[in-house]
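S.K.: Please see the structure below; I have some questions.
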Amino acid sequence: MKMIIEQSQHIIDEVSKVFIGKDEIIKKVLMTIYAGGHILLNDAPGTGKTTLALAFSKALGLDYKRIQFTTDTLPSDIVGFTMLNNETQKFEFRPGAVFSNLLLADEINRTSPKTQAALLEAMEEHNVTVDGVTYDLPHPFITIATQNPMGSAGTQPLPESQLDRFMICLSIGYPNLEKQIEIIKSRRYDNPIERIEEVASKENVIEVQNYLSSVRISDDVLKYIVLLCEKTREMPLVELGVSPRGVLALVQMAKAHAVLEDRIYVIPEDVQYVFLDVCAHRMILRPQARVEGLDARDILNEILKEVKPPLAD
């Protein structure tokens with residue numbers, strides 16, 4: 001456990017060299033990687049989404065690929081394709097961008113639904129099928145997808161089934177005045193991304209992912225998680241609540257937070273810390289919620305107040 005804590009702090013320190021003033025975001029992304037999930041970054045351009053993904057790939061020693069989604073991006077660009085080798089006269093498979101440890105799907109909402117759907121099997125099953133043949137993806141495999149919520153021209157909103165496959169959805173936001181000055185100064189002579197050192201490996205990531213299975217979670221805390229998620233399905237302003245997949249994601253993220261807090265068991269505070277990030281993007285609100293000026297996070301905060309956590313033993 002001590003080794004995981006030290007390793008995690010080293011990773012956070014390295015990523016924060018280029019992603020300045022957002023240690024909380026760095027911590028949540030690292031937790032999601034440990035939990036074996038995928039991350040959706042929903043924010044305006046220029047807030048560092050691509051930089052964050054690249055920094056993690058360098059600090060963790062992961063094979064990194066990036067797709068800039070456009071209207072003409074094809075499913076084969078993602079999963080790969082087979083083509084005839086003129087020398088051998090045999091068809092050979094050419095892997096797509098998903099054959100990596102960390103895939104950055106940049107502006108995923110700017111491509112067609114058919115291309116978006118090509119990621120579904122990869123994200124859920126960690127394999128892809130091309131021309132009837134199934135290929136396993138490298139392990140670990142993490143997708144960090146970005147989308148810009150400000151402009152709707154030329155975009156294709158992700159369907160609920162795709163959104164549900166992202167373990168968390170984060171909004172980075174703008175740095176404050178002091179941090180913006182620090183960012184400018186850090187780039188005065190070189191690109192700070194080049195100063196990031198590899199402080200972990202994909203084997204270390206797999207070890208922590210496996211370790212999470214040994215983190216204890218009591219029946220009372222499990223019941224608390226289920227009650228929170230069930231409440232999202234009962235709220236009058238909610239059209240679609242959190243799915244069973246969302247419940248599992250909440251459990252995994254709570255375990256990851258417990259590990260970073262140097263505990264081998266989950267407490268209600270772990271659940272509360274990740275509840276909004278795991279659940280908000282999985283909910284569809286009724287029109288009345290917009291009329292009342294409420295969003296998913298407002299409703300989830302209300303649920304946290306209504307559902308009482310179990311008492312400590």
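The values are calculated or read from the model by the stated rules, or taken from the named source; none is laboratory data. Computed from a prediction, not measured in an experiment: that's the story for all the values here. Note: ideal-geometry Cβ built from the backbone for every residue, glycine included; neighbour counts use all protein chains shown.
S.K.: Do we have residue 77 as modelled with pLDDT of 90 or more and of a type in the set (Asp, Glu) here? Talk me through it step by step, then tell me what you get.
M.R.: Details: modelled with pLDDT of 90 or more: yes; of a type in the set (Asp, Glu): yes.
Yes; evaluated as a whole, the condition is true for this residue.
S.K.: Could you tell me whether any residue of the range 227-238 is assigned to a helix (DSSP H, G or I), touching a residue at least 24 places away in the same chain (Cβ under 8 Å) and among the basic types (Lys, Arg)?
M.R.: At the first step, the residues of the range 227-238 found to be assigned to a helix (DSSP H, G or I) are 227-234.
Within this subset, residues satisfying the condition of being touching a residue at least 24 places away in the same chain (Cβ under 8 Å) are 227-229, 231-232.
From what's left, among the basic types (Lys, Arg): 231.
Yes.
S.K.: Are any residues in the range 212-238 buried (at least 17 other Cβ atoms within 10 Å of the Cβ) and of a type outside the set (A, V, I, L, M, F, W, C), and if so, which ones?
M.R.: Result: 224, 231, 232.
S.K.: Quick one: in the range 17-57, of everything that is of a type in the set (Phe, Trp, Tyr) and more than 11 Å from the chain's Cα centre (by Cα), which residue is nearest to residue 187 (Cα to Cα)?
M.R.: By that ranking, first place goes to 19.
S.K.: In a strand (DSSP E or B) and under 27 Å from residue 215 (Cα atoms): which single residue out of 62, 40 fits that description? Step through it out loud before you land on a result.
M.R.: Values: 62 fails: in a strand (DSSP E or B).
Answer to the check: 40.
S.K.: Identify all residues within the range 252-294 that are part of a helix (DSSP H, G or I) and charged (D, E, K, R); write none if there are none. Spell out the reasoning first.
M.R.: Going through the range 252-294, the residues part of a helix (DSSP H, G or I) turn out to be 252-260, 268-282, 287-291.
255, 269, 270, 277, 282, 290, listed by residue number.
S.K.: If you go through the range 241-248 one residue at a time, do you hit one that is assigned to a helix (DSSP H, G or I), touching a residue at least 12 places away in the same chain (Cβ under 8 Å), of a type in the set (S, T, N, Q) and at negative phi?
M.R.: no
Condition check ((1) at pLDDT 95 or above; (2) not β-branched (Val, Ile, Thr)) across all residues:
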| site | (1), (2) |
| --- | --- |
| 221 | yes, no |
| 250 | yes, yes |
| 258 | yes, yes |
| 274 | yes, no |
| 291 | no, no |
| 309 | no, yes |
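S.K.: Still on this structure: Quickly run through the range 31-51 and pick out the residues that are crowded, with 22+ Cβ neighbours inside 10 Å and farther than 22 Å from residue 158 by Cα.
M.R.: Of everything in the range 31-51, those that are crowded, with 22+ Cβ neighbours inside 10 Å and farther than 22 Å from residue 158 by Cα turn out to be 31, 34, 35.
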